[in-house]
Amino acid sequence: VAQLRAAITLAAARPGADAPSEEFVADLQRRLAAGSASAPAPTAAIVGPARRRFVLVGSVAAGAAAIGAVADHLLTRPERASEDEAAAAPTLTPNVGAWRGVVAAADLPEGGVHGFELGSVAGFVSRDSSGLRAVSGVCTHLACRLNLNPVSRQLDCPCHDTSFALDGELIRYQLRVPPPPLPHLSVRERDGTIEVFGPL
Ligand code: FES
């Protein structure tokens, strides 16, 4: 092992040992050309210091492409791994709670959204073709209160530019880790009133 280490050290100490091989540079050129239309055009002579400069430029371009890919990921709706993931949003069920009216049924037609507060719980109840739905109105990142955007019909967090759909699903975020979907609340319609099961 000691002899192998010595041989490796000596080989690494040779002048020019840190320069990338012609094969590596050619392969990098090929991959950059194939992977990005905006990749820098390869220079005609790639030898010695110029070769190193090309590799540096290529690395910067590849890094920028990677950052772009990450930024794109952060700014777009995350892919849902499966339908089960949407169902993974927990239902907030107080162990000491009751059904409490939040809005008259007549005031929540199909397509309607209504914000409510039940003591320590704030949320939004909505109705669409699939029925009634109620979600928490508090961001799952750091608990800022969500605002209903009446144009996009999304729930926007004012703290870190995050948006949730009315079913609680995360739509957009700019955090390193996506916040979880919004918890659901049990909701029903009784005697002309929309009721949510909330804490006493
Ligand atoms: S508190 Fe909502 S994204 Fe940070």
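The values are calculated or read from the model by the stated rules, or taken from the named source; none is laboratory data. Because the structure is predicted, anything quoted here is derived from the model rather than measured. Counting neighbours? That spans all protein chains shown, and the Cβs are built from the backbone with ideal geometry, glycine included.
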Inset, instruction - Under 7 Å between Cβ atoms, at least 6 apart or on separate chains: pull out the pairs that start in the range 137-166 with a residue that is over 19 Å from His114 (Cα atoms) and end on any residue that is part of a strand (DSSP E or B) and basic (Lys, Arg). - result: Thr162/Arg172
Legend entry - Residue identified as in a strand (DSSP E or B), in contact with a strand residue (DSSP E or B) (Cβ under 8 Å, 6 or more places away or on another chain), hydrophobic (A, V, I, L, M, F, W, C) and away from the ligand (no atom under 16 Å from the Cβ) among Ala122, Ala134: Ala134
Inset, instruction - Go over the candidates Gly97, Gly115, Gly192 one by one and state the one that is in contact with a helix residue (DSSP H, G or I) (Cβ under 6 Å, 6 or more places away or on another chain) and either surrounded by 12 or more Cβ atoms within 10 Å (Cβ to Cβ) or at pLDDT 95 or above (or both). - result: Gly192
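With the structure loaded, tell me whether Ser82 is modelled with pLDDT under 95, closer than 26 Å to Asn149 by Cα and small (Gly, Ala, Ser) or whether it fails that test.
Details: modelled with pLDDT under 95: yes; closer than 26 Å to Asn149 by Cα: no; small (Gly, Ala, Ser): yes.
Here the answer is no, as Ser82 does not meet what is asked.
For the range 137-152, name all the residues that are of a type outside the set (Gly, Ala, Ser), assigned to a loop (DSSP other than H, G, I, E, B) and more than 8 Å from the ligand (Cβ to nearest atom).
If we filter the range 137-152 for residues that are of a type outside the set (Gly, Ala, Ser), which is where we start, we get 138-142, 144-151.
Then drop every residue that is not assigned to a loop (DSSP other than H, G, I, E, B), which leaves 139-142, 144, 146, 150-151.
Across the range 137-152, the qualifying residues are Pro150, Val151.
Only residues that are part of a loop (DSSP other than H, G, I, E, B) and more than 15 Å from the chain's Cα centre (by Cα): list them for the range 153-190, please.
Step one: filter the range 153-190 for residues part of a loop (DSSP other than H, G, I, E, B), giving 153, 158-161, 165-169, 173-183, 186.
Across the range 153-190, the qualifying residues are Arg153, Pro158, Cys159, Leu166, Asp167, Pro183, Ser186.
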Inset, instruction - Being within 11 Å of the ligand (Cβ to nearest atom) and within 30 Å of Val96 (Cβ to Cβ) is the filter here, so list the residues in the range 160-179 that pass it. - result: Phe164, Leu170, Pro179
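In this structure, does Asp191 turn out to be under 24 Å from Thr93 (Cα atoms), touching an Asp or Glu at 6+ places or on another chain (Cβ under 7 Å) and of a type outside the set (Lys, Arg)?
Numbers: under 24 Å from Thr93 (Cα atoms): yes; touching an Asp or Glu at 6+ places or on another chain (Cβ under 7 Å): no; of a type outside the set (Lys, Arg): yes.
It is false that Asp191 is under 24 Å from Thr93 (Cα atoms), touching an Asp or Glu at 6+ places or on another chain (Cβ under 7 Å) and of a type outside the set (Lys, Arg).
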